[in-house]
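Worksheet: one structure, shown below.
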Amino acid sequence: MSTAAVPARTGLVLADLIPSSRVRDAALVAGGAALTGLAAQIAVPVPGSPVPVTGQTFAALLVGTSLGAGRGLLSLALYALVGMAGMPWFAEGGSGALAPSLGYVFGMMLAAAAVGALARRGADRSAWRMAGTMLLGSAVVYAVGVPYLALSTGMSAGAAIAAGLTPFLIGDALKAALAMGVLPTAWKLLGRR
């Protein structure tokens, strides 16, 4: 078996570096769901909002960029389905199909697919592209989560934005800054750009 370096290709995501198999894909999908569930337990309540600041959005976007669009979407779909079925791994140990924050989980599914598609095009290789990718992913999460919050709680659009978007913008900027280093550094450590 050769240990020669693999030529650089921009159509890769980190998960592609593991030898291919259905078992690998299933393990990656389940692992991404579990990582998101664990990160959701890092939760800080936001006064006036039924939605806490959590690590789950960061994890979901990293899952999408690391696993690619298809596996990222499947991973977050598994996370959503298992949580809706009763596994207490939504934010703050929540579960079920009626949580006001469930729209954010649905948004994370779409965001994982979007950032995974961008990662296939090399968006996770540089710090600035990675920051933009994370911010775009966050926007997708909010585009689904905030309207769902308004509908599920009876809030007006303005109240839903005030409770479900505005308090999270600083945290999203910090998560994007963290992501600027995580994936580009992973690619550098692996010697592939």
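Projected label points at Leu151 and Val46, each 7 Å from Cα along the beta carbon direction, are separated by 1.9 nanometres. Counting neighbouring beta carbons within 10 Å and listing from fewest to most, the residues Ser49, Ser21, Ser126 come out as Ser21, Ser126, Ser49.
Relative contact order of segment 126-192: 51 percent, from C-alpha pairs under 8 Å at least 6 residues apart in sequence.
Annotation: amide H of Val53 within the under-5 Å range of Val44, Val46, sequence separation 5 or more or interchain, hydrogens built in the peptide plane.
Given R0 = 30 Å, the distance between the Cβ atoms of Thr185 and Ala159 translates into a calculated FRET efficiency of 0.15.
Report the relative contact order of the chain, percent, no decimals, based on alpha-carbon pairs under 8 angstrom and at least 6 residues apart. Rounded, it is 23 percent for the chain. For a modelled paramagnetic label at Leu38, 7 Å from Cα along Cα-to-Cβ, the residues of segment 45-82 in reach, with backbone nitrogen under 14 Å, are 55-56, 59-60, 63.
Each reported figure results from applying straightforward, stated rules to the coordinates on display, with no laboratory input. This structure is a prediction, so every number in the text was calculated from the model and none was measured. Cβ: placed from backbone, ideal geometry, glycine included. Neighbour counts: every protein chain shown.
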